[in-house]
Amino acid sequence: DAGVTQSPTHLIKTRGQQVTLRCSPKSGHDTVSWYQQALGQGPQFIFQYYEEEERQRGNFPDRFSGHQFPNYSSELNVNALLLGDSALYLCASGSQGNYGYTFGSGTRLTVV
Amino acid sequence: AQSVTQPDIHITVSEGASLELRCNYSYGATPYLFWYVQSPGQGLQLLLKYFSGDTLVQGIKGFEAEFKRSQSSFNLRKPSVHWSDAAEYFCAVGRDNNDMRFGAGTRLTVKP
């Protein structure tokens, strides 16, 4: 049974560009959350998607947006990239009412 | 506001020795508490979780944690550490998947 799958694994972008990260949740999960993990820090909650809608959002600017598709997969989009956006982006999936996420291995984004 | 403090940034123990990683939390209601482990370049793996009931929780890989409400703590323990336990450990608190907050992590080094 595949866990959470994220793509790509690594990405290098130039400041000001836009990036899209992808996530396929674990089979049976319907909720996807995205986290940003800067080097040496714990993960920070970006937002969560359920039933194709953004349900909750952390303290991140509107440059960060997302989408969830009918098959529960999700995308994270970041516009106008800043050097400070360099981080490991983690996707986590779960089921409503069942606590404790399953995390993917992440996408390492480097902005130069 | 909810928060998690992991007082130890880095801990070194000898293989076979016991381990205790500290976690203190601040939360306005009865918390849900989690411990995750992250190996280099990987996502987070759930070790154990506490919602209610018995305050001593057993997890995977021989780990356990004890919830102490009076001390606002949820320390992780293992009686005998293996070299493969070397990783980053994160404590997290939250009532549901939407508002999970992570500590900054404790890096564990295991000496042969």
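Read-outs throughout are calculated quantities, based only on the coordinates presented, and are distinct from any laboratory measurement. On a predicted model such as this, the values are computed, not experimentally measured, just so you know. As a convention, Cβ positions derive from the backbone with ideal geometry for all residues, glycine included, and neighbour counts pool all protein chains shown.
Using only side-chain charges placed at the Cβ, +1 for Lys and Arg and -1 for Asp and Glu, the dipole size of the protein assembly as shown relative to its Cα centre rounds to 480 debye.
Taking 0.890 mPa s as the viscosity and 25 °C as the temperature, the Stokes-Einstein diffusion coefficient of chain A based on its alpha-carbon Kirkwood radius rounds to 177 µm²/s. Translational diffusion of the protein assembly as shown was estimated from the Stokes-Einstein equation, with Rh taken as the Kirkwood radius over Cα pairs; at 25 °C and 0.890 mPa s the coefficient is 137 µm²/s. Residue order for A:Asp30, B:Asp85, A:Asp62, fewest other beta carbons within 10 angstrom first, comes to A:Asp62, A:Asp30, B:Asp85. Inter-label distance, B:Lys111 to A:Phe60: 4.0 nm, where each label sits 7 Å from its Cα along the C-beta direction. Checked against a 27 Å cut-off, the cross-linked pairs B:Lys68/B:Lys111; B:Lys49/B:Lys78; A:Lys26/B:Lys78 give Cα-Cα distances beyond that limit for B:Lys68/B:Lys111; A:Lys26/B:Lys78. Restricting the GluC sites (Glu not before Pro) of the range A:1-70 to loop positions (DSSP other than H, G, I, E, B) with no more than 14 neighbouring Cβ atoms within 10 Å leaves A:Glu51, A:Glu52.
Cα extents for the range B:3-111 along the principal axes, largest to smallest and rounded to whole angstrom: 39, 28, 22.
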